[in-house]
Amino acid sequence: MARITIDDVTKRFGDGDDSVVAVDDVSLDIKDGEFVVFVGPSGSGKSTLMRIVAGLETQSEGDIEIGDAVVNQLGPRARDIAMVFQNYALYPNMTVEENMSFGLKMSTDMSDEEIEETVTSAAEMMDIDKLLDNRPGELSGGQQQRVALGRAIVRDPNVFLMDEPLSNLDAKLRAEMRTEINRLQNDLGVTTLYVTHDQTEAMTMGDRLVVLNYGELQQVGTPLECFYRPANQFVAGFLGSPS
Ligand code: ADP
Ligand code: MG
C-alpha cells in the first residue's frame with residue numbers, strides 16, 4: 001500500500017509547433033488505500049498520466065512520489081505497481097495458471113510451492129480456480145478479465161493502475177466486474193487509480209473522482225460533489241450535472 005503524490009507533472013510529446021501537451025501541470029495527492037477514478041474525453045491525458053505513474057513514460061516536468069520516495073528515476077518494475085488494461089494481454093499459449101505465475105517466476109525469489117499457493121489463493125479470490133488449466137482462448141471475456149485481475153493480485157503490489165479495464169465487456173459483465181473490483185480493492189486495501197469513460201463507473205466506484213480535459217485537471221472531489229457542484233461548465237456538461 002502506498003500514498004501517491006503527483007507534483008506539477010507535465011508531459012509534452014514532440015517539440016516546436018507540433019508538440020502536444022498531453023498532461024498539463026497536474027498535481028494530486030492520493031491517500032494510502034484510496035480508490036481514485038479518472039475521467040475525461042478521449043485524448044484528455046488519462047492514459048499518459050497512468051503510464052507516467054507506472055514508469056512506462058517519463059514526464060517532461062514534475063515529480064511522482066510513491067510512499068515517501070520520489071520515483072522519477074525508477075523503472076516500472078521497481079515501482080511495484082500492477083496494471084490492468086482493457087485488452088488484458090494474456091499470453092495465449094499459456095494456461096491460466098502459467099499466465100498468473102509467469103511474472104512471479106521472472107521477478108521474485110519465491111519457491112515453486114509459494115508461487116503455487118499464491119496463485120491458488122488469487123484464483124479463488126477471483127473465482128477462476130476451476131480454470132487454471134485452461135488457455136485464454138477457451139475463456140469468456142469476463143473470465144479473461146478475471147485472470148488479468150488475478151495476475152495483478154499475485155504480485156501483491158503497492159498500487160493498482162487500471163486503464164479502462166472493463167470497456168471490452170458487455171453491460172451485464174461490466175456491472176458484475178465493477179462490484180468485483182470494488183470488493184477486491186476493499187479486501188486488499190491497495191491504492192488504486194482507475195481510468196474510465198463509463199458514467200456509472202465514474203459515479204459509483206471511487207472515493208474520489210478526477211476530471212481531466214486537454215491534460216488539465218478540471219475538478220477533484222467525491223463523485224457526488226463533482227456531479228452536484230461541478231467546478232465549471234465542462235465538468236457539468238461531461239458528467240451531465242443537473243442545471
Ligand atoms: P486518453 O487516455 O485520455 O484518451 P492519452 O493520454 O492517450 O489520452 O493522450 C493524450 C494526448 O497525448 C493525445 O492528444 C494523444 O494524441 C497524445 N499522445 C499520447 N501518447 C502519445 C505519443 N506516444 N506520442 C505522441 N502523442 C501522444
Ligand atoms: Mg486512454
Low-density loop positions, trypsin sites (Lys or Arg not before Pro), region 11-41 - DSSP coil, at most 15 other Cβ in 10 Å: Lys31
Cα lying deepest toward the dipole's positive end in the chain, options Gln233, Tyr214, Leu169, charges on Cβ: Gln233
Please enumerate, by chain and number, the lysines with C-alpha under 26 Å from the C-alpha of Lys31, excluding those fewer than 8 residues away in the same chain. Lys11, Lys46
Rounded to whole Å, sorted largest first: equivalent-ellipsoid semi-axes of region 1-60, Cα gyration tensor: 23, 12, 9
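Where both partners of a DSSP beta bridge lie in the chain, what percent of those bridges are antiparallel, to the nearest 5?
Values: 19 of 37 bridges.
Close to 50 percent.
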Mind checking the angle between helix 96-107 and the chain's longest principal axis? C-alpha axes, 0 to 90 degrees, to the nearest 10. 70 degrees
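Count charges around Ile66 for me, please; just the other residues with Cβ under 14 Å from its Cβ, Lys/Arg as +1, Asp/Glu as -1.
-4
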Rounded to whole angstrom, the alpha-carbon centroid of region 46-91 lies from that of region 153-168 at a distance of 12 Å
Test of understanding: what is the full-extension gain from Glu117 to Phe102, defined as 0.36 nm times their sequence separation minus their Cα-Cα distance? 4.0 nm
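Would you kindly work out the equivalent ellipsoid of the chain from its C-alpha gyration tensor and give its semi-axes, the square roots of five times the eigenvalues, largest first in whole Å? Present the calculation step by step, with values, prior to reporting the outcome.
Details: eigenvalues 190, 92, 52 Å².
After scaling each eigenvalue by five and taking roots: 31, 21, 16 Å.
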Which of Asn99, Asn186, Asn158 moves most in a GNM of the chain, Cα contacts under 10 Å? Asn186
For the pair Thr222 and Met94, how long in nm is the line joining their label points, each one 7 Å along Cα→Cβ? 4.1 nm
With +1 at each Lys and Arg Cβ and -1 at each Asp and Glu Cβ, the charge dipole magnitude of region 172-243 around its Cα centre, to the nearest 20 debye, comes out at 120 debye
Assign unit charges at the C-beta atoms only (+1 for Lys and Arg, -1 for Asp and Glu), then state the dipole size of region 130-212 relative to its Cα centre in Debye, rounded to the nearest 20. 140 debye
Along region 176-188, Karplus-curve 3J(HN,Hα) (6.51, -1.76, 1.60; θ = phi - 60°) to the nearest Hz, with x for Gly and Pro, reads 4, 6, 4, 4, 5, 5, 5, 4, 4, 5, 4, 5, 8
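Below 9 angstrom from the Cβ of His197, what's the summed charge of the other residues (Lys, Arg +1; Asp, Glu -1)?
Values: positive: Lys46; negative: Glu164, Asp198, Glu201.
Around His197, the surrounding residues sum to -2.
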Charge dipole (debye, nearest 20) of region 7-156; +1 at Cβ of Lys and Arg, -1 at Cβ of Asp and Glu: 580 debye
Would you mind classifying region 114-190 by shape? Square roots of the alpha carbon gyration tensor eigenvalues, ordered a ≥ b ≥ c; an a/c under 1.5 is rounded, otherwise it is prolate if a/b is larger than b/c and oblate if not. oblate
So which lysines pass the test for Lys172, namely a Cα distance under 24 Å, with those fewer than 8 places away in the same chain ruled out? Lys130
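Rule-based calculations on the coordinates, nothing more; no lab input. Not measured: the values here are computed from a predicted model. Cβ: placed from backbone, ideal geometry, glycine included. Neighbour counts: every protein chain shown.
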